[in-house]
1. With label points built 7 Å along Cα→Cβ from the Cα atoms of Lys75 and Asp48, find their separation and express it in nm.
2. In nm, what is the difference between 0.36 nm times the number of residues separating Arg160 and Phe62 and their Cα-Cα distance?
3. Taking the Cβ-Cβ separation of Gln123 and Thr11 as r and a Förster radius of 30 Å, what is the calculated FRET efficiency to the nearest 0.05?
4. Express in nm, to one decimal, how much length is gained between Lys23 and Met1 on full extension, taking 0.36 nm for each residue of separation and deducting their alpha carbon distance.
5. Amide H to amide H, which residues 5 or more places from Phe7 or on other chains are under 5 Å from it, using H placed in the peptide plane?
6. Using the Karplus equation 6.51 cos²θ - 1.76 cosθ + 1.60 (θ = phi - 60°), what ³J(HN,Hα) coupling, rounded to whole Hz, does each residue of the stretch 106-121 give in order, writing x for Gly and Pro?
7. I want to verify the translational diffusion coefficient of the chain in µm²/s; compute it with Stokes-Einstein, Rh as the Kirkwood radius over Cα pairs, at 37 °C and 0.692 mPa s.
8. Of all DSSP beta bridges located in the chain, what percent are antiparallel, nearest 5?
Amino acid sequence: MKNIAIFASGTGTNAGKIIEYYKDSTDLSVSLIVCNKAGSGVLTLAHDCGIHSLMVDRVSFFSKDSILKELSDQKIDLIVLAGFLWMVPESIIHAYPGKIINIHPALLPKYGGKGMYGPKVHQAVIDGKEKQSGISIHFVNEHYDEGQIILQAVCTVEERDDVFSLSKKIQALEHRHFPAAIRFLLQP
Ligand code: GRF
């Protein structure tokens, strides 16, 4: 059995899709949710699905021993960032080479980097008069949104699109592609 940890701090809709996708799997399991924001929807989701969750604060997250020990105790094979806004410490990146992925709601390398998340990304895409946007699933390295891209999927940006309508298109792409991309990465 391969074990997935999801790091998230938002509503957790992507985490929910991933959990749903693997709930009857015999070889992949979502075993841990790591969250840095009390009251996040993803914590309720973890509770409802009977998945172990871990709340982290800056001290526990950036002091490498506690989080690495938890990941090791849970025998985690892949770390999935799904709306987790903190930089992953180098100690974790080095302990999980090629085993940490993130999803970004735009077509990297454009519209990424520190501070580019949520509605800000979609507003920037609209302001940039882009005809297309999409999602980028990529490996995580020491720099925000700069790791190697694994998969991108595209949607059109119409003139009538606003942040809300574009975010819905992007979310649909995320939910469709993210769970399956994880299986691809954990293939033997
Ligand atoms: C997604 O848009 C993802 O691209 C970004 O954070 C958001 C998480 O949304 N990294 P949710 O909490 O899964 O709904």
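1. About 2.9 nm, to one decimal.
2. Values: separation 98, 0.36 × 98 = 35.28 nm, distance 4.29 nm.
Fully extending the segment from Arg160 to Phe62 adds 31.0 nm.
3. Numbers: r = 19 Å, r/R0 = 0.64.
Efficiency, from the Cβ-Cβ distance: 0.95.
4. 6.7 nm
5. Val34, Val80, Leu81, Ala82
6. Per-residue couplings from phi come out as 6, 8, 4, x, 7, 6, x, x, 4, x, 8, 8, x, x, 4, 5 Hz.
7. 196 µm²/s
8. Values: 11 of 29 bridges.
Once the DSSP bridges in the chain are tallied, antiparallel ones form about 40 percent.
Rule-based calculations on the coordinates, nothing more; no lab input. These figures come from a predicted structure and were not determined experimentally. Every residue, glycine as well, gets a Cβ built from its backbone with ideal geometry; the counts of neighbours run over all protein chains shown.
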